[in-house]
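Throughout, read-outs are computed from the coordinates displayed, never taken from laboratory work. Note that the coordinates shown come from a computational prediction; the quantities given were computed from them, not determined experimentally. As a convention, Cβ positions derive from the backbone with ideal geometry for all residues, glycine included, and neighbour counts pool all protein chains shown.
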Amino acid sequence: MDKQRLIPLIVATALFMENMDSTVIATSLPAIAADIGTSPLTLKLAITSYLLSLAVFIPASGWTADRFGPRLVFAIAVGVFMLGSIGCALSQSVTHFVIARIVQGLGGAMMTPVGRLVLLRSVDKSALVNAMAWVTVPALIGPVIGPPLGGFITTYASWHWIFLINIPIGLLGIFLALKYIDPIKSEDPERFDLYGLVLAGIGLAGIAFGLSVAGLNLLPWEVIAALVGVGSISMTLYVRHARRTGSPVLDFSLLRLPTLRAAIIGGFLFRLGIGALPFLLPLLMQVGFGLSPFQSGLVTFASAVGAMGMKTLAARIIRTFGFRNMMTANALISTIFLAACALFTINTPLLLIMIILVVGGFFRSLEFTAINTVAYAEVEAAQMSRATTLVSVNQQLAISAGVAVGAFSVETTMLWRHATELDASMFPPAFVVVSIISAASSWFFWQMPGDAGHEISGRKAVEISSRKGSASAKASAAVKHASEETHDARDQRLG
């Protein structure tokens, strides 16, 4: 198989393993908690500890890849994730389980940005849209296939297999990575910014962890506010530090690039709204409509079907309309389908719900592919590892913020209506709120230059060809008309 297709599949397989694993555990928490002798509420620490580990270690991924080579780091990251998976399966207490999830987070923190870096350094820019389409699909399929798969495995086998199925997938990924990915290393790795890593780690951990537990009713709101506050202060100190160092772990100076700035800011808003969907929709289906976790998972899986249908058309659509036009319009279209979830009631036919989710999944996947691709349109090769780190951190914060905003909207609706029990009527305002936030991303996408990412999309070649054809037609008409004029007048006219 051609490397232009094989390498995206290798990276996509690892990212699918991570994205599925991070959501599949949610369905199986009661069974795991009963088996290791704790409560499901306490075991939710396993989810937040994984997010905490991601937030702390992602900033170090760029330097690590430059220092040791992205191929080696990617293979080791997959191995560390597998080690954490084995630890989860063998856990006999909540302490063991949380430690194993932290190890998984360490592997996941390296897999995502370094896998994307492998892709960017191995695939020609002309093939980047198709490659990113393959890598984007796991990020969308994982959260929707995770709950039904977790429910199925827990019901008909054992929860241990949720983690053990990662082993053959991981071994295959390591083998293919070492065999087919070229061992590219940075010729002049930068000095490691340990102080910046500590500040960024505390900042991101406080913000991401605080936002994550905000939707779990796990800690008092004063503690959550303190976590977010400490995280925000630490990130402020980091920003000041980054301006004075030549090799920051998070390089915010890259935001000077219009395409990366749009992908970071606009992408954050878009992901915040869409990131709330895997949290809100299963709750609506189970709590509001009374479906079982397995039935709910089968319904929400419709989004994955739409995402799969996108990957063959993404490059053609972007080449036809260009990144700016497509991303601006498609962000609004995706938002409409997200807002449509606010209209779901217990009487809405499941077939109609699934159709809306399928079509919405197509447009959301198309937008994610465009965001993930155009982010690197103006990034130089030497800055690529910094860019992938910045994008990965942004994605993680957006997802955490999406869950927090969705949960806060539902809780606010309950307080407003003086409700004591959660029902289907509490969810429509939350869908509307996250839809409005997501729609705001279109303004930032529109701020990109009109020719943003043309070298990647292939639209530049289309426009050049179109201009040549138009010029040829005009020249023919001019020659015909000029046959009745003098040579000097004709030269003046053509000039």
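A compact table of results
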{"quantity": "Sorted by Cβ neighbour density within 10 Å, fewest at the top, the residues Arg316, Arg101", "calculated": "Arg316, Arg101"}
{"quantity": "Footprinting exposure proxy for Ile207, Ile184 (fewest neighbouring C-beta atoms within 10 Å first)", "calculated": "Ile184, Ile207"}
{"quantity": "Inter-label distance, nm, simple model (7 Å from Cα along the C-beta direction), Ile36/Asp451", "calculated": "5.6 nm"}
{"quantity": "Alpha-carbon spread of region 254-457, three principal axes, descending order, Å", "calculated": "54, 33, 25"}
{"quantity": "Sorted by Cβ neighbour density within 10 Å, fewest at the top, the residues Met414, Met111", "calculated": "Met414, Met111"}
{"quantity": "Difference of contour (0.36 nm per residue) and Cα-Cα distance, Gln92 to Glu411", "calculated": "111.4 nm"}
{"quantity": "Per-selection Rg to Rh, region 193-246 - Cα, Kirkwood hydrodynamic radius", "calculated": "1.09"}
{"quantity": "Pair Asp423, Ile346: separation of 7 Å Cα→Cβ label points (nm)", "calculated": "0.7 nm"}
